[in-house]
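Reading through the structure tokens given below for one structure.
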Amino acid sequence: MDLRRTRLLPDTHAHLGDEAFAGDRDDVIRRASRVGVRRVLAVGSDLESSRAAVACASRYDDVYAAVGLHPHEAGRFPDEAAEIEALLDQPKVVAVGEIGIDRGRENWSVDVQTLAFHEQLAWAQARNLPVSIHNRNADADVLSALENFSVVAVLHCFSSSAAFATQALEAGCMLSFAGNLTFPKANSLREVARSVPAECLLIESDAPVLAPQPWRGQRNEPARVPAVCETLAEVRALDVETVANDVWKTAERVFRWGAA
């Protein structure tokens with residue numbers, strides 16, 4: 001696998017503030033840069049991790065931040081909302097996320113999750129920011145919520161059906177693919193990825209989880225995003241450089257983080 005073939009690549013969803021990177025975060029960023037990953041969106045899931053994402057963006061030139069409250073933490077919204085919202089005014093914060101609805105692991109009721117989701121969508125709309133959305137078994141809930149807001153929505157780690165992909169694209173969503181696209185049994189997901197318009201296509205690591213083949217099961221990091229790009233190129237019958245250019249341009253347009 002010749003990762004050097006790629007040029008500039010984005011990683012549009014990585015939990016860089018995670019403790020998994022506490023011992024070698026500088027090296028993780030250097031490795032990403034060496035393989036062409038020159039923009040990384042560090043994503044928050046609660047107040048602490050959102051602060052960590054902002055700190056990463058401050059420390060590293062190639063890193064930008066998203067802040068938000070994950071649906072698994074939705075019950076903490078009344079206590080953490082004001083401080084998370086204040087982080088949106090920090091330099092290099094370019095998105096709200098990771099937010100959404102999770103019906104697969106309901107730490108909190110869907111009503112509680114939906115309230116937090118709607119409030120954070122309102123933050124994004126007020127600031128003209130995109131959102132990074134977590135959606136597990138909640139396709140209809142997510143689209144219903146988005147109908148009420150004028151935001152650019154990125155469906156992170158897309159893993160839903162082809163039918164939902166069509167609905168999401170018609171609603172103006174971006175689809176972001178992660179390491180699970182490379183898994184041997186992910187044929188249906190690869191079929192979805194084959195036909196996503198280039199202007200709606202993104203890639204991500206979701207680090208430190210979801211490492212692509214051949215690193216599956218290991219700690220993931222942004223330097224492995226090129227493997228996702230290569231798989232996309234294969235299923236779309238395009239060269240790697242074309243797909244790299246497509247996802248780079250889409251990420252630039254969505255996150256407005258400027259030239260590398």
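For region 21-32, which residues satisfy the criterion of being of a type in the set (Gly, Ala, Ser) and either crowded, with 24+ Cβ neighbours inside 10 Å or under 18 Å from the mean Cα position of the chain (by Cα) (or both)?
Ala32
Determine which single condition Ser205 fails, assuming it passes every other condition in (1) among the hydroxyl-bearing types (Ser, Thr, Tyr); (2) over 18 Å from Ala237 (Cα atoms); (3) free of Cβ contacts under 8 Å to residues at least 40 places away in the same chain.
(3)
Just one of Val235, Val196, Val192, Val247 is modelled with pLDDT of 95 or more, closer than 12 Å to Pro10 by Cβ and not small (Gly, Ala, Ser); which is it?
Val247
Checking the condition at pLDDT 95 or above, under 24 Å from Thr250 (Cβ atoms) and more than 19 Å from the chain's Cα centre (by Cα), which residue from Ala95, Ala82, Ala86, Ala126 passes?
After ruling out the rest, the residue left standing is Ala126.
Could you tell me whether Trp215 is in a helix (DSSP H, G or I) and either of a type outside the set (Lys, Arg) or without any contact (Cβ under 8 Å) to a residue 40 or more places away in the chain (or both)?
no
For region 17-42, give me the residue count where each residue is over 18 Å from Glu252 (Cβ atoms) and β-branched (Val, Ile, Thr).
Count: 3.
Would you mind telling me which numbered condition in (1) more than 19 Å from the chain's Cα centre (by Cα); (2) modelled with pLDDT of 95 or more Ser160 fails?
In the conditions (1) more than 19 Å from the chain's Cα centre (by Cα); (2) modelled with pLDDT of 95 or more, Ser160 misses (1) alone.
The values are calculated or read from the model by the stated rules, or taken from the named source; none is laboratory data. What you are looking at is a predicted structure, and each value in this text was computed from that prediction instead of being measured. Methodologically, a virtual Cβ is constructed for each residue, glycine included, from the backbone with ideal geometry; neighbour enumeration extends over all protein chains shown.
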